[in-house]
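Asker: Handing you this structure, nothing more for now.
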Amino acid sequence: MKTILIHNQKGGVGKTTTAANLAAALARRGAGPVILADLDPQMHLTAVLASGQAPRLTAADWIAGHPGAAIAVAGEPGLTLVPGFPRPLAITALPPDACNWRVLDSSAHWDDSLACLARSADMVLCPLEPDFLGLSGANRLLQTLQQQGAAEDRVRFLICRYDQRLAIHREVRARLEARLAGRLLPFVIHASVRLAEAPGFGRTIFAHAPRSSGAADYARLAEALCGAEPRKRRAER
Ligand SMILES: Nc1ncnc2c1ncn2[C@@H]1O[C@H](COP(=O)(O)OP(=O)(O)O)[C@@H](O)[C@H]1O
Ligand SMILES: [Mg+2]
């Protein structure tokens, strides 16, 4: 089982979008079962993927080890969602789960629970926007992770909302490549109206616009993460 924590200390950079669509992409390529946990008290993921449902159990129950918190996501076979809890969670460890992948959506607020998650996750995946705030935010995030003892080699950055036509995006991408070296994933999530509208329909990009660039981009991310898995296993042996 692999646990991917999606985090950035900046809001609005694509954390929730990446959590939902990466988890769906993993499940759709048969890499499941996949658990998607909403660990942000703002509960955006829950509002999008569990709208109309009244879950009895939440992320707080899941963290406490109560079975049965995860609910099936409509239209996404192999994907279950642990619905959010409207207050910050005190996380000291994650519960064991019978799944292949866990994708954790987090808030922008760094606290002890996030430090614990960052230390225990197999990967901390940090979406960022290719502007100058994104650049300085990436440095700050690496510093925070260093200070908290999270293994930096497990941190990966993903440029989101990329527009090749914008000089600032091309420039910041080049700077990030130089500064983050192997920690920056070698592909991007392009800016896409389809990605922005999918939450309004309560859907992932694969249910909303399966032939869009957003669907192709998140499928590529899932492929890259799955592709990295056997190589890592061999290296561990
Ligand atoms: N690649 C993208 N293209 C266009 N809009 C996007 C993209 N990624 C995210 N968005 C939109 O940007 C806003 C913030 O994204 P979100 O995933 O909620 O960020 P966060 O969870 O980091 O706060 C949302 O309205 C979302 O639909
Ligand atoms: Mg969010």
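Just so you know, all these numbers are worked out from the coordinates, no wet-lab data involved. In this text the structure is predicted, and so the values were computed from the model without any measurement. Positions of Cβ are generated from backbone atoms using ideal geometry, with glycine treated the same way; all protein chains shown enter the neighbour counts.
Asker: Which parts of the stretch 42-63 would a label at Arg87 reach, counting a residue when its backbone N lies under 19 Å from a point 7 Å out along Cα-to-Cβ?
Answerer: What the label zone holds, given the 19 Å backbone N cut-off, is 42-44, 55-63.
Asker: At a 10 angstrom cut-off on C-beta neighbours, averaged per residue, how do the peptides 36-45, 8-17 rank from highest to lowest?
Answerer: Ranked from most to least packed, the peptides come out as 36-45, 8-17.
Asker: To continue, here is another question. Of Thr58, Thr92, Thr18, which has the largest mean-square fluctuation in a 10 Å C-alpha GNM of the chain?
Answerer: Among Thr58, Thr92, Thr18, the largest GNM mean-square fluctuation belongs to Thr92.
Asker: Also, I was wondering about something else. Could you check what % of the DSSP bridge pairs in the chain are antiparallel, to the nearest 5?
Answerer: 10 percent
Asker: Restricting attention to the stretch 125-167, which chymotrypsin sites (Phe, Trp or Tyr not before Pro) occupy a DSSP loop and are surrounded by at most 15 other Cβ atoms within 10 Å?
Answerer: The qualifying sites: there are none.
Asker: Give the relative contact order (percent, whole number) for the chain; include only Cα pairs under 8 Å separated by 6+ residues.
Answerer: Relative contact order, the chain: 25 percent.
Asker: Could you pull out the trypsin sites (Lys or Arg not before Pro) across the stretch 131-236 that fall in loop regions by DSSP (anything but H, G, I, E, B) with no more than 10 other Cβ atoms inside 10 Å?
Answerer: Loop-located and lightly packed - Arg165, Arg211.
Asker: Oh, and also: Could you size up the charge dipole of the stretch 52-132 around its Cα centre, putting +1 on the beta carbon of Lys and Arg and -1 on that of Asp and Glu, and report it in debye to the nearest 20?
Answerer: 300 debye
Asker: Between His66 and Phe187, what length in nm is gained on full extension when 0.36 nm per residue of separation is reduced by their alpha carbon distance?
Answerer: This chain segment gains 39.7 nm when fully extended.
Asker: To continue, here is another question. Apply 1/(1 + (r/R0)^6) to the Cβ-Cβ distance of Ser51 and Ala151, taking R0 = 41 Å, and write down the FRET efficiency to the nearest 0.05.
Answerer: That pair, Ser51 with Ala151, gives E of 0.65.
Asker: Please report, largest first and rounded to whole Å, the three semi-axes of the ellipsoid equivalent to the stretch 2-224, where each semi-axis is the square root of five times an eigenvalue of the C-alpha gyration tensor.
Answerer: Taking √(5λ) for each eigenvalue gives 26, 21, 15 Å, largest first.
Asker: Using a simple charge model, +1 on the beta-carbon of Lys and Arg, -1 on the beta-carbon of Asp and Glu, nothing else, what dipole does the chain show about its Cα centre, in debye to the nearest 20?
Answerer: Computed charge dipole of the chain: roughly 620 debye.
Asker: Just from its helices, what would the mean residue ellipticity at 222 nm be for the chain, if runs of 4 or more DSSP H residues each count -39500 (n - 2.57) and the sum is divided by every residue, rounded to the nearest 500 deg cm²/dmol?
Answerer: My calculation for the chain gives -12500 deg cm²/dmol from helical runs alone.
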